[in-house]
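Inspection log for the structure reproduced underneath, given as structure tokens.
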Amino acid sequence: MIDLEKHFKTLACLLNLEEKEEQEEFRSEFQNKSPSEREEAGRALLRLNLVDTHFNPAGHRLLTFRYADSRPLPIYSLDTGDVVTLREDPFLEHDKQTGGIVYEKEEKEITVAFSRELPEWLDERKLYSLNLSRNQTTYRRMSETLDRVLLAENSRLAYLRNVLLGIRKPLLGDPVKTDALTFFNPSLNDSQKKAVITALEAMDVALIHGPPGTGKTTVLVEVVLQGLSRRKKILVSAPSNAACDHLVACLARSGAPVLRMGHPARMAKHLREYSLDFKLARHPYAKMIDELEFRLSECSKKRERHRTRRVLGREARDQMYEEVRDLRKEVRTLKNEIFSQVWNESDVVIATHTSAGDPMLERKGFDWVILDEATQAIEPNSWIPILRAGEKIIFAGDHCQLPATVRSREAETGGLGISLFERLEESLGAESKAMLTVQYRMHEHIMNFSSRKFYGGKLIADLSVKTHVLSDLSGISRCPATEKPLLFLDTAGKGFEEKVETGSESRYNPDEARLVFGEFKEFLRAGVPPREVAVISPYRAQVKLIADLLQCPEAEIDSVDAFQGREKEAVILSLVRSNLEGEMGFLTDIRRMNVAITRARRRLTVIGDSATLSAIPFYREFIQYAESVGG
């Protein structure tokens, strides 16, 4: 049996190691790198002009910056949702800095949201820099949560903790028959229906395993709608803002009353209307508050003028003080009324694991907690939303894809990278688990290798995608690039050697990047829209090199890790590694490869050096598989 105190103390120590590693990374950024080197690494933007100061609909102060010489901003640099520090440039005085969150980024402008009053030293005639900063709230909330979970006694939290850690067996409710349940989505396949029923029957915990393209989010939407029909309040949580945005979009389309927690800067632009801040600001009473606050401001100014001139008698002063007091009370009352209405009308709340720690959520009282992308969160992070569960917890994810990123090697070795989902996958009985088996994304030749290596050959390609290729799409001509679903381009013996990026350990391969360029152009010549092509690589240096080479904003070019959970009609994967020693770096984690080769719907092109890659059986077998299907 697991020793609870030892388990949580160990997690706390590993978490401390991880936080120290992150602190050291940021410290070395400023101690060992010049400002220009930080900018080159995508960690800063220098020599910026302040070009606009305005407000968003929720009343956040927004500052917009652009380079002093008006050149475009780097594609791979600070991005929406990043926590940043604004400083004068050149940075001379330690106190002249303030923190904000990147709100929007366009080709030449970046807008930052600030929650506090703007500092007096801001001046449109000066130059500024924006520097990537640490979000310290996450570690504080994880640490506090671990203490709270460990010390829980005689409560639902203590009971669920013991179930999740294998001390108690989970309970099941009355069986639910498929033909007796009315599904909101009648097109669910059998494995999806079984997953929904597994979630409904569970009294404590259920696990939904969703391999690539199998409709995991579709199942979660159905589970939420089933919960709402049973008058349940539901918290849906995910480790990233991108995953939360996807959930909000899907649930909103289904008609569910969705409320998104967190700063609007971290949400997709078209989904900000679902945020708490925007809903409060757009409430019909909000204009009344604005009018009252304007009157309050005018009264305060009038009172101050009369106070300094001493022209009012006591009775008039008392009357003015009473008016101010009444106005403040009315504003308070209206704000409370707006909050209560917005808060109470949303029975589904979406939040990142960290923002699920907001004390405001204590008041809501959730029945079910759903953790999406549960394998991408370290265990201390997952416990934050679990605190909110009044009845049961439903985990959804895929432990065969990438886990959470752990910076500290010592923490990784100690087990910080093992998610609660992985623990439950091993410990839960079959009655509490369900696996989705029909996928709706990939041509069967793209799917089959992954299915055999990671999912026991259980994945089935739906008829709608089983044989689809690029040339089936309107406006695309027939040629080898559009009729073959899978191609491995072997660079062995070509002298395409990898290189190390100056100032980092990231790898890039210029010759391989040029081959990517050629493949990309071939797609365009055949009529494939660039927005339907993705170029991905395990290495950030290669991503930046390819982006500079292609110069095509419509095409998505990103790291494998950033592309998890997404898809495109055509994907070009650049593996980079080519060396005599057979060193593989990131590629040794074959889960990363599983993500990479399952992003494409109709065409997957993989470029790599078979002589280097074949040092690992997985890659050798993949190359043999590609050959067996004519690729």
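The values are calculated or read from the model by the stated rules, or taken from the named source; none is laboratory data. Because the structure is predicted, anything quoted here is derived from the model rather than measured. In this analysis, Cβ positions are derived from the backbone assuming ideal geometry, glycine residues included, and neighbour counts consider all displayed protein chains. Note: accessible area is taken over every heavy atom of the protein model, side chains too, but ligands, DNA and RNA are not part of it. Shrake-Rupley method; radii C 1.70, N 1.55, O 1.52, S 1.80 Å.
When residues in the range 130-155 are screened for being farther than 30 Å from Glu40 by Cβ and either open to solvent by 80 Å² or more (accessible area, probe 1.4 Å) or free of Cβ contacts under 8 Å to residues at least 40 places away in the same chain (or both), 9 of them pass. Take the residues in the range 100-129 that are of a type in the set (Phe, Trp, Tyr) and part of a strand (DSSP E or B); name whichever of them is surrounded by the fewest Cβ atoms within 10 Å (Cβ to Cβ). It comes out as Phe114.
Filtering the range 341-349 for residues that are assigned to a helix (DSSP H, G or I) and in contact (Cβ under 8 Å) with a residue 60 or more places away in the chain leaves a non-empty set. Note on the range 454-494: residues that are assigned to a helix (DSSP H, G or I) and more than 30 Å from the chain's Cα centre (by Cα) amount to 6. With respect to the conditions (1) open to solvent by less than 30 Å² (accessible area, probe 1.4 Å); (2) touching a residue at least 60 places away in the same chain (Cβ under 8 Å); (3) out of contact with any Lys or Arg (no Cβ under 8 Å at 6 or more places or on another chain); (4) in a helix (DSSP H, G or I), Leu45 lacks only one, and its number is (4). Here Leu127 fits the description: touching a residue at least 60 places away in the same chain (Cβ under 8 Å) and either in contact with a helix residue (DSSP H, G or I) (Cβ under 9 Å, 6 or more places away or on another chain) or aliphatic (A, V, I, L, M) (or both). Within the range 484-492, does at least one residue satisfy the condition of being at pLDDT 95 or above, surrounded by 15 or more Cβ atoms within 10 Å (Cβ to Cβ) and of a type in the set (Ser, Thr, Tyr)? Looking for residues that are at pLDDT 95 or above, surrounded by 15 or more Cβ atoms within 10 Å (Cβ to Cβ) and of a type in the set (Ser, Thr, Tyr), one finds at least one in the range 484-492, hence yes.
Conditions tested, residue by residue: (1) surrounded by fewer than 17 Cβ atoms within 10 Å (Cβ to Cβ); (2) touching a His at 6+ places or on another chain (Cβ under 6 Å); (3) in contact (Cβ under 8 Å) with a residue 40 or more places away in the chain; (4) not hydrophobic (A, V, I, L, M, F, W, C).
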position: Gly582; (1), (2), (3), (4): yes, no, no, yes
position: Ala596; (1), (2), (3), (4): no, no, yes, no
position: Asp609; (1), (2), (3), (4): no, no, yes, yes
position: Ile616; (1), (2), (3), (4): yes, no, no, no
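Residues are listed down the side, and each one gets a yes or a no for (1) within 30 Å of Trp383 (Cα to Cα); (2) modelled with pLDDT under 95:
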position: Leu14; (1), (2): yes, no
position: Glu21; (1), (2): yes, yes
position: Glu24; (1), (2): yes, yes
position: Glu29; (1), (2): no, yes
position: Ser34; (1), (2): no, yes
position: Glu39; (1), (2): no, yes
position: Leu46; (1), (2): no, yes
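In the range 513-571, the residue that is surrounded by the fewest Cβ atoms within 10 Å (Cβ to Cβ) out of those that are in contact with a Ser or Thr (Cβ under 8 Å, 6 or more places away or on another chain) and assigned to a loop (DSSP other than H, G, I, E, B) is Gly527.
May I ask you to list the residues in the range 584-594 that are over 20 Å from Ala513 (Cβ atoms) and surrounded by fewer than 19 Cβ atoms within 10 Å (Cβ to Cβ)?
So in the range 584-594, the residues over 20 Å from Ala513 (Cβ atoms) come out as 588-591, 594.
Matches in the range 584-594: Thr588, Asp589, Ile590, Arg591.
Scanning the range 375-433 for residues that are among the polar types (S, T, N, Q) and open to solvent by 30 Å² or more (accessible area, probe 1.4 Å), we see that the one that is nearest to Glu22 (Cα to Cα) is Thr405. The condition (being of a type in the set (Ser, Thr, Tyr) and either modelled with pLDDT of 90 or more or in contact with a Pro (Cβ under 6 Å, 6 or more places away or on another chain) (or both)) is satisfied by just one residue among Ser143, Ser115, Ser77, Ser133: Ser143. Taken as a whole, the condition of being within 30 Å of Glu201 (Cβ to Cβ), at pLDDT 90 or above and open to solvent by 50 Å² or more (accessible area, probe 1.4 Å) does not apply to Arg161. Selection of the range 495-512 for residues being in a loop (DSSP other than H, G, I, E, B) and either open to solvent by less than 70 Å² (accessible area, probe 1.4 Å) or hydrophobic (A, V, I, L, M, F, W, C) (or both) yields Gly495, Phe496, Glu498, Glu501, Gly503, Ser504, Ser506, Asn509. Listed by position, the strands (runs of 3 or more DSSP E) contained in the range 351-453 that have at least 3 residues being closer than 24 Å to Lys194 by Cα and within 22 Å of the chain's Cα centre (by Cα) are 366-371, 389-397.
Restricting Glu569, Glu501, Glu497 to those that are at pLDDT 95 or above and either over 21 Å from Ile623 (Cα atoms) or not hydrophobic (A, V, I, L, M, F, W, C) (or both) reduces the list to Glu569.
Any residue at all in the range 606-614 that is within 22 Å of the chain's Cα centre (by Cα) and either assigned to a strand (DSSP E or B) or within 16 Å of Glu498 (Cα to Cα) (or both)?
no
Taking every residue in the range 216-240 that is over 15 Å from Pro385 (Cβ atoms) and pairing it with any residue that is in a helix (DSSP H, G or I) and open to solvent by 40 Å² or more (accessible area, probe 1.4 Å), at least 6 positions away or on another chain, the pairs with Cβ-Cβ distances below 8 Å are Thr217/His246.
The number of residues in the range 48-74 being assigned to a strand (DSSP E or B), of a type outside the set (Phe, Trp, Tyr) and surrounded by 15 or more Cβ atoms within 10 Å (Cβ to Cβ) comes to 8.
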